[in-house]
Amino acid sequence: MNDAPVLMEITPTTHDLGDFKVNRSLPARERTMVGPFIFFDQAGPATLEPGKGIDVRPHPHIGLSTVTYMFEGAFMHRDSLGSVQLIEPGAVNLMTAGKGIVHSERSPDNERSGSSAISAIQTWLALPDGKEEMEPAFEHVGANQLPIIESGGTRARIIMGSLWGQTAPVTTYADTIYADIILSAGGAIPIDAQAEERALYVTDGDASLDGQSLDPQTLYVLRPGIAATLRSGSGARAILCGGEAFGTPRHVWWNFVSSSRDRLMQAREDWEAMRFPLIPGDEEEHIPIPQGRPKTVSYP
Ligand code: MN
């Protein structure tokens, strides 16, 4: 029996969005999901010149929750439920599209005057069977509401789910784990085997898992049922994510996720005909439906 903790390595594809680059690890050819995670992007880090900002114009989603987690920078979130929420480092925006939502993400005005940073992890969680067409919802959980674990030269923030004996207050629709782990030089933290599916992604620094060195900007899918220890010699930052395995496959087309390909095409027609709800206060612009095969989603 192979008990090495790493099952599979996924090298992300890089997409240049102009002002910044994203490294996309999921969905990948060799693996669509890790638990409910069906989309995993590292955005940046990048520095925007003074006067520049990011404007992700209104666009739709179905069948998923978007989870925005910033390392640096800020975004103003607006959606068709009327939510208006600034997100800053350490906080979580969880936007659940369900049967359909429209949102925009724009740099706040005060970030545009000087140079500004952007560095974030953007993920999508597929909604489980029976919840794909739920009513849309939005929640923001501040950095000070998320549990922090500090031990052995490690500081970890639990973003979603239960880890190391504590539970984040963020809503989950399927079993989910999600954490931001900062290892100082010589730091270590246990990666237990409770979640059915797990992956580790090192954003920077040097890290190893039970002695296997982990390259930055690579998603390591872990072997189910094998506990391991994450360590760093000189310091590192890593994301741990995962959760329950889905029994039915999910399909992705542009910003839409569904167990039904017909439902994806229905959403495409609905956006083309502007049958989605509008965002109060951000009704003037929108991202048109891509013609042909979309390469890049509307970020985030
Ligand atoms: Mn979006």
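Listing for the model above:
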{"quantity": "Unique residue being within 13 Å of the ligand (Cβ to nearest atom), over 15 Å from the mean Cα position of the chain (by Cα) and of a type in the set (Gly, Ala, Ser) when the list is SER65, SER107, SER80", "calculated": "SER80"}
{"quantity": "First in segment 195-207 and in contact (Cβ under 8 Å) with a residue 12 or more places away in the chain and of a type in the set (A, V, I, L, M), second anywhere and surrounded by fewer than 19 Cβ atoms within 10 Å (Cβ to Cβ) and not in a loop (DSSP other than H, G, I, E, B), Cβ under 6 Å, 6 or more apart", "calculated": "VAL202/PRO216"}
{"quantity": "Among residues of segment 80-115, those that are open to solvent by 10 Å² or more (accessible area, probe 1.4 Å) and part of a strand (DSSP E or B), counted", "calculated": "4"}
{"quantity": "Filter pass, ARG293 being under 17 Å from THR32 (Cβ atoms) and surrounded by fewer than 16 Cβ atoms within 10 Å (Cβ to Cβ)", "calculated": "yes"}
{"quantity": "Number of the condition not met by SER151 [criteria: (1) out of contact with any Asp or Glu (no Cβ under 6 Å at 6 or more places or on another chain); (2) open to solvent by 10 Å² or more (accessible area, probe 1.4 Å); (3) at pLDDT 95 or above; (4) more than 24 Å from MET33 (Cα to Cα)]", "calculated": "(3)"}
{"quantity": "Residues of segment 238-285 satisfying the condition of being surrounded by 13 or more Cβ atoms within 10 Å (Cβ to Cβ), away from the ligand (no atom under 16 Å from the Cβ), of a type in the set (A, V, I, L, M) and not in a strand (DSSP E or B)", "calculated": "ALA245, MET265"}
{"quantity": "Every residue from segment 133-148 that is open to solvent by 40 Å² or more (accessible area, probe 1.4 Å) and of a type outside the set (Phe, Trp, Tyr)", "calculated": "GLU133, MET134, GLU135, GLU139, HIS140, ASN144, GLN145, ILE148"}
{"quantity": "Sole residue being touching a Gly at 6+ places or on another chain (Cβ under 8 Å) and among the β-branched types (Val, Ile, Thr), chosen from ILE148, ILE177, ILE181", "calculated": "ILE177"}
{"quantity": "Count of segment 45-76 residues which are of a type in the set (Gly, Ala, Ser), over 19 Å from ARG157 (Cβ atoms) and open to solvent by less than 10 Å² (accessible area, probe 1.4 Å)", "calculated": "1"}
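The values are calculated or read from the model by the stated rules, or taken from the named source; none is laboratory data. Model, not experiment: these values are computed from the prediction. Counting neighbours? That spans all protein chains shown, and the Cβs are built from the backbone with ideal geometry, glycine included. With ligands, DNA and RNA removed, areas are computed over all heavy atoms of the protein, side chains included. Shrake-Rupley method; radii C 1.70, N 1.55, O 1.52, S 1.80 Å.
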